[in-house]
Amino acid sequence: MAQALIVIDIQEGLVKENPYNAKNFISNTKAIIQHFRDQNIEVIFIRHSEDEGLLATGSDNWQVYHELKPQEKRKDFQ
């Protein structure tokens with residue numbers, strides 16, 4: 001059975017909004033992502049997209065949050 005970790009909507013603009021317990025959430029997410037990468041299990045990122053606004057496609061806010069260290073060869077979905 002194929003496995004993958006799906007990371008949904010953890011984007012620069014949303015993290016900048018300072019959600020509840022953000023530091024702990026990001027720390028835990030980074031650890032989970034690293035665990036999957038260490039096991040050579042694919043990590044897939046899904047981003048919310050808008051034509052305009054906070055998460056306008058292609059904007060800095062739309063990018064996957066930098067601390068998650070998205071790899072060059074990854075699958076992104078919108």
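The values are calculated or read from the model by the stated rules, or taken from the named source; none is laboratory data. Everything quoted here is computed from the prediction, not taken from an experiment. Glycine also receives a Cβ, built like all others from the backbone with ideal geometry; neighbour counts cover every protein chain displayed.
Structure notes:
- Subset of segment 37-61 (residues that are at pLDDT 95 or above and touching a Leu at 6+ places or on another chain (Cβ under 7 Å)): Asn61
- Looking at the chain, the strands (runs of 3 or more DSSP E) lying wholly inside it that each contain 2 or more residues that are surrounded by 12 or more Cβ atoms within 10 Å (Cβ to Cβ) and in contact (Cβ under 8 Å) with a residue 24 or more places away in the chain sit at 4-8, 42-46.
- When segment 6-40 is filtered for residues that are among the aliphatic types (A, V, I, L, M) and either touching a strand residue (DSSP E or B) at 6+ places or on another chain (Cβ under 8 Å) or closer than 17 Å to Gln63 by Cβ (or both), the ones remaining, listed by number, are Ile6, Val7, Ile8, Ile10, Leu14, Val15, Ala22, Ile26, Ile32, Ile33.
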